[in-house]
1. How many residues does the range 159-207 hold that are at pLDDT 75 or above, more than 20 Å from the chain's Cα centre (by Cα), assigned to a helix (DSSP H, G or I) and not aliphatic (A, V, I, L, M)?
2. Taking interchain pairs and intrachain pairs at least six residues apart, which have beta carbon atoms under 8 angstrom, with the first residue in the range 127-138 and touching a residue at least 40 places away in the same chain (Cβ under 8 Å) and the second buried (at least 23 other Cβ atoms within 10 Å of the Cβ) and of a type in the set (Gly, Ala, Ser)?
3. crowded, with 19+ Cβ neighbours inside 10 Å, polar (S, T, N, Q) and at negative phi - does that describe any residue in the range 141-155?
4. In the range 68-102, what residues are over 16 Å from the mean Cα position of the chain (by Cα), surrounded by 13 or more Cβ atoms within 10 Å (Cβ to Cβ) and part of a helix (DSSP H, G or I)?
5. Out of the range 116-127, which residues are of a type outside the set (A, V, I, L, M, F, W, C) and closer than 17 Å to Ile65 by Cβ?
Amino acid sequence: MAQIDKKKAMNMYRKVQDELPKQTKAHLETFNDGVIAIYITIMALELPYPHGDVSFHSFLGTILIFFISFFVIANFWYDIHRTFLTLDTADHSIVVVDFILLAFLALIPVMTKWVMHTSTEASVIGYGILYLLVSLLELLLFYMAHHQRFNEYIHYFRTFLFLRTGSVLLINLVLIGLATQYPKEAMVLYLLLPIISFFFPQFRLKRRVHNHITKKGG
């Protein structure tokens, strides 16, 4: 009887271990949506209304900061969401990277305020380093989620990652370098990046890669 109970317990444990990554993926996706929604809500609640020391001009400036921060965070959420749509399970390493990504993403609104209120070399470079770090973490999450599923389409996968990582590094390093001499010009370009990326997210190679992932998973 003891051996039978032990066997049932081991089978139950294996079943739980098999189901855990699937449940973790679902809960992690819900957690991401909730955390990012809180980020955006807090950003909106912090907006001052014109009164006393807050002029209408300053009010419009904070509205602009809010929209830029919103598009930055929304753009990253969209990429993360697309990754999770084609993800079946989430192991501990994916959870760790996702949490680190969310932690740094929370700093985006703060850095946006700094760079718009004080367009100095330090503020623009700081914003650039944070934006680069979040972008690389999002790419790492994409890699960890899909590299084992890409046996048949490994060429597309490697090409996509190489091109996207290279473009992220090149654009950010150029803008960080520009900020050392022309911080205001670099600031404008940095603030345009998320808006352009949000409204024009699709590239031919990226569409093909995601289509191949979806077919592979379906």
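1. So the answer is 5.
2. Note: pairs meeting the criteria are Gly128/Ala179; Gly128/Ala186.
3. Checking the range 141-155: not a single residue is crowded, with 19+ Cβ neighbours inside 10 Å, polar (S, T, N, Q) and at negative phi.
4. Across the range 68-102, there are no qualifying residues.
5. Once the filter is applied, which keeps residues that are of a type outside the set (A, V, I, L, M, F, W, C) and closer than 17 Å to Ile65 by Cβ, the range 116-127 yields His117, Thr118, Ser119, Thr120, Ser123, Gly126, Tyr127.
The values are calculated or read from the model by the stated rules, or taken from the named source; none is laboratory data. Everything numeric in this text was worked out from a predicted model, so none of it was measured. So basically every Cβ, Gly included, is an ideal-geometry build from the backbone, and we count neighbours across all protein chains shown.
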